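Peer 1: Submitted below is the structure of interest, expressed as C-alpha coordinates.
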Amino acid sequence: RLASGTDPLVSTVYYTGMASLILWITAFAFENPLNARFTDLNVLAETFMGVFSFASGFLVYYWLLQRAGAFFSSLTFYLIPIAGIAGGFVILGEKIKPSQLVGILIVLAGLYLINRGKMKGTRAVKVR
(Lines give C-alpha, C1' and ligand atoms only; values in the text may rest on other atoms or scores of the structure.)
Protein backbone atom coordinates (compact mmCIF):
# COMPACT_ATOMS: atom_id res chain seq x y z
CA ARG A 1 0.00 0.00 0.00
CA LEU A 2 2.78 2.41 0.81
CA ALA A 3 4.34 1.99 -2.62
CA SER A 4 1.12 1.94 -4.66
CA GLY A 5 1.53 4.04 -7.73
CA THR A 6 5.32 3.61 -7.68
CA ASP A 7 6.87 2.67 -11.00
CA PRO A 8 7.68 -1.08 -11.05
CA LEU A 9 11.21 -0.34 -12.24
CA VAL A 10 11.84 1.93 -9.26
CA SER A 11 10.54 -0.72 -6.85
CA THR A 12 12.69 -3.39 -8.47
CA VAL A 13 15.86 -1.29 -8.31
CA TYR A 14 15.20 -0.34 -4.69
CA TYR A 15 14.49 -3.85 -3.40
CA THR A 16 17.25 -5.58 -5.36
CA GLY A 17 19.70 -2.87 -4.34
CA MET A 18 18.84 -3.26 -0.66
CA ALA A 19 19.05 -7.07 -0.94
CA SER A 20 22.46 -6.78 -2.62
CA LEU A 21 23.74 -4.49 0.12
CA ILE A 22 22.59 -6.88 2.85
CA LEU A 23 24.15 -9.85 1.04
CA TRP A 24 27.48 -8.03 0.58
CA ILE A 25 27.61 -7.15 4.28
CA THR A 26 26.78 -10.74 5.21
CA ALA A 27 29.37 -12.11 2.79
CA PHE A 28 32.15 -9.98 4.27
CA ALA A 29 31.03 -10.76 7.82
CA PHE A 30 31.12 -14.55 7.43
CA GLU A 31 33.34 -15.28 4.41
CA ASN A 32 36.08 -13.69 2.37
CA PRO A 33 34.57 -13.05 -1.07
CA LEU A 34 37.71 -11.32 -2.36
CA ASN A 35 39.50 -14.69 -2.38
CA ALA A 36 37.03 -16.08 -4.92
CA ARG A 37 38.30 -16.74 -8.43
CA PHE A 38 36.61 -14.44 -10.93
CA THR A 39 36.61 -15.68 -14.50
CA ASP A 40 34.89 -14.15 -17.50
CA LEU A 41 32.42 -17.03 -17.55
CA ASN A 42 31.60 -16.63 -13.83
CA VAL A 43 31.00 -12.90 -14.15
CA LEU A 44 28.89 -13.38 -17.28
CA ALA A 45 26.81 -16.12 -15.64
CA GLU A 46 26.23 -14.08 -12.48
CA THR A 47 25.28 -11.00 -14.48
CA PHE A 48 22.88 -13.00 -16.62
CA MET A 49 21.28 -14.63 -13.58
CA GLY A 50 20.99 -11.32 -11.74
CA VAL A 51 19.50 -9.35 -14.59
CA PHE A 52 17.34 -11.87 -16.40
CA SER A 53 16.26 -14.24 -13.65
CA PHE A 54 16.12 -12.09 -10.55
CA ALA A 55 15.56 -8.48 -11.60
CA SER A 56 13.26 -9.20 -14.54
CA GLY A 57 11.16 -11.50 -12.35
CA PHE A 58 10.69 -8.76 -9.78
CA LEU A 59 9.96 -6.21 -12.50
CA VAL A 60 7.18 -8.40 -13.90
CA TYR A 61 5.87 -9.11 -10.39
CA TYR A 62 5.61 -5.42 -9.47
CA TRP A 63 4.03 -4.63 -12.84
CA LEU A 64 1.48 -7.40 -12.26
CA LEU A 65 0.93 -6.15 -8.71
CA GLN A 66 -0.14 -2.76 -10.07
CA ARG A 67 -2.31 -4.22 -12.80
CA ALA A 68 -4.02 -7.20 -11.14
CA GLY A 69 -3.69 -6.64 -7.40
CA ALA A 70 -1.88 -8.38 -4.57
CA PHE A 71 -4.07 -11.49 -4.35
CA PHE A 72 -3.69 -12.51 -7.99
CA SER A 73 -0.01 -11.55 -8.08
CA SER A 74 0.80 -13.67 -5.04
CA LEU A 75 -0.69 -16.73 -6.74
CA THR A 76 1.99 -16.57 -9.43
CA PHE A 77 4.62 -17.69 -6.88
CA TYR A 78 3.04 -21.14 -6.91
CA LEU A 79 3.96 -21.43 -10.60
CA ILE A 80 7.71 -20.93 -10.05
CA PRO A 81 8.48 -24.59 -9.25
CA ILE A 82 6.44 -25.67 -12.27
CA ALA A 83 8.44 -23.31 -14.48
CA GLY A 84 11.65 -24.75 -13.01
CA ILE A 85 10.58 -28.30 -13.77
CA ALA A 86 9.54 -27.33 -17.30
CA GLY A 87 12.82 -25.46 -17.86
CA GLY A 88 14.85 -28.44 -16.66
CA PHE A 89 12.91 -30.70 -19.00
CA VAL A 90 13.14 -28.45 -22.07
CA ILE A 91 16.60 -26.92 -21.66
CA LEU A 92 18.56 -29.56 -19.75
CA GLY A 93 16.73 -32.66 -20.93
CA GLU A 94 15.93 -33.76 -17.37
CA LYS A 95 13.31 -36.43 -16.83
CA ILE A 96 10.16 -35.49 -14.98
CA LYS A 97 9.56 -37.80 -12.03
CA PRO A 98 6.08 -39.07 -11.10
CA SER A 99 6.32 -37.23 -7.78
CA GLN A 100 6.92 -33.98 -9.67
CA LEU A 101 3.84 -34.59 -11.82
CA VAL A 102 1.79 -35.18 -8.67
CA GLY A 103 3.16 -31.91 -7.23
CA ILE A 104 2.28 -30.02 -10.41
CA LEU A 105 -1.26 -31.41 -10.30
CA ILE A 106 -1.63 -30.44 -6.63
CA VAL A 107 -0.48 -26.88 -7.34
CA LEU A 108 -2.78 -26.52 -10.34
CA ALA A 109 -5.71 -27.98 -8.40
CA GLY A 110 -5.04 -25.54 -5.57
CA LEU A 111 -4.95 -22.59 -7.95
CA TYR A 112 -8.20 -23.77 -9.49
CA LEU A 113 -9.90 -24.13 -6.11
CA ILE A 114 -8.76 -20.67 -5.03
CA ASN A 115 -9.98 -19.04 -8.23
CA ARG A 116 -13.05 -21.13 -9.06
CA GLY A 117 -15.48 -18.61 -7.59
CA LYS A 118 -13.95 -15.85 -9.65
CA MET A 119 -13.94 -17.93 -12.84
CA LYS A 120 -17.68 -18.72 -12.85
CA GLY A 121 -19.29 -16.83 -15.67
CA THR A 122 -16.08 -15.19 -16.87
CA ARG A 123 -13.70 -16.17 -19.60
CA ALA A 124 -10.68 -14.08 -18.71
CA VAL A 125 -9.11 -12.49 -15.68
CA LYS A 126 -9.99 -8.82 -15.55
CA VAL A 127 -6.82 -6.75 -15.38
CA ARG A 128 -7.09 -3.19 -14.15
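The values are calculated or read from the model by the stated rules, or taken from the named source; none is laboratory data. All values derive from a computational prediction rather than experimental measurement. Note that each Cβ is placed from the backbone with ideal geometry, even for glycine, and that neighbours are counted across all protein chains shown. Side chains are part of the model used for accessible areas, which takes the heavy atoms of the whole protein and leaves out ligands, DNA and RNA. Shrake-Rupley method; radii C 1.70, N 1.55, O 1.52, S 1.80 Å.
Peer 1: Find the residue count for region 18-44, including only residues that are open to solvent by 50 Å² or more (accessible area, probe 1.4 Å) and assigned to a helix (DSSP H, G or I).
Peer 2: Qualifying residue count for the region: 18.
Peer 1: OK, next. Please pick out the residue among 48, 72 that is part of a helix (DSSP H, G or I) and at pLDDT below 80. Working first, answer last.
Peer 2: Values: 48 fails: at pLDDT below 80.
Unique residue meeting the criteria: 72.
Peer 1: Further, regarding this structure: Can you report the number of residues in region 1-17 which are closer than 16 Å to residue 55 by Cβ and exposed (fewer than 12 other Cβ atoms within 10 Å of the Cβ)?
Peer 2: The total comes to 2.
Peer 1: Of all the residues that make up region 45-71, how many are closer than 28 Å to residue 103 by Cα, more than 14 Å from the chain's Cα centre (by Cα) and open to solvent by 50 Å² or more (accessible area, probe 1.4 Å)?
Peer 2: Within region 45-71, residues that are closer than 28 Å to residue 103 by Cα, more than 14 Å from the chain's Cα centre (by Cα) and open to solvent by 50 Å² or more (accessible area, probe 1.4 Å) number 2.
Peer 1: Of the numbered conditions (1) surrounded by 13 or more Cβ atoms within 10 Å (Cβ to Cβ); (2) within 21 Å of residue 58 (Cα to Cα); (3) of a type in the set (A, V, I, L, M), residue 83 satisfies every one except a single condition; which is it?
Peer 2: (1)
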